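No lab work stands behind these numbers, since they all come straight from the coordinates. For clarity, every value in this text was computed on a predicted model and none was experimentally measured. A quick note on method: Cβ atoms are made from the backbone with ideal geometry, for glycine too, and the neighbour counts reach across all protein chains shown.
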Amino acid sequence: MNNNATPKTEQFLGTRLLARFQKFSRSIVRSSGHPLAFAIAIGIIVVWALTMPLFHTGNTWLLVINTVTNIVTFLMIFLIRNAQNREGEAVQLKLDELIRATKEAQNTLLDIEELSEVELDRIKARFELLASQARKKSIIENAAISHETRE
């Protein structure tokens with residue numbers, strides 16, 4: 001998560017306008033994911049399909065519904081991405097705080113999302129090796145416990 005872009009965006013748009021957009025975005029994304037919104041969308045499709053004979057199923061009627069759905073889809077992409085970016089950043093900050101608060105954790109992982117792919121692959125390989133070693137140790141310990149209980 002690159003936090004360097006936020007001040008530039010705030011300078012360009014203004015803090016109030018940006019806050020309003022984020023509030024609007026969250027409310028639209030939440031309401032569009034509600035079952036009632038899905039029912040309304042189905043209702044619109046049914047009404048559109050039933051009114052096709054009234055308009056003689058012409059190309060104009062198809063063009064209208066096609067244009068409206070394309071515009072709504074296009075705008076929803078930006079609203080959803082805004083909400084996802086904010087949620088992702090919030091989760092990242094919470095994870096960073098957990099890492100920082102845990103004494104045994106490696107503070108070098110706090111900004112891991114900023115590392116290159118090569119660096120991430122190196123860290124992933126190290127954790128995969130640690131996980132493999134932990135599984136082997138667990139298997140050995142479980143086998144020893146199982147052996148002791150049989151005797």
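At a Förster distance of 41 Å, what's the computed FRET efficiency of residue 24 paired with residue 102, Cβ-Cβ distance as r, to 0.05? My answer for the efficiency is 0.65.
Cβ-Cβ distance of residue 110 and residue 69, R₀ of 30 Å, FRET efficiency by 1/(1 + (r/R0)^6): the value works out to about 0.10.
Ordering 73, 108, 50 by the projection of their Cα atoms onto the charge dipole of the chain, which places +1 on the Cβ of Lys and Arg and -1 on the Cβ of Asp and Glu, puts 50 at the extreme positive end. The convex hull of the Cα atoms of region 94-151, projected and averaged over all directions, covers 5.4 nm².
The count of lysine pairs in the chain with alpha-carbon distances below 25 Å, taking only pairs 8 or more places apart or on different chains, stands at 9. Applying 0.36 nm per residue to the separation of residue 36 and residue 130 and subtracting their alpha-carbon distance, the gain on full extension is 29.1 nm. Scalar couplings 3J(HN,Hα) for region 86-92, obtained by applying the Karplus form with A = 6.51, B = -1.76, C = 1.60 to θ = phi - 60°, are 5, 5, x, 5, 5, 4, 4 Hz; x denotes Gly and Pro. Fewest-first ordering of 64, 46 by other beta carbons within 10 Å of each residue's beta carbon gives 46, 64.
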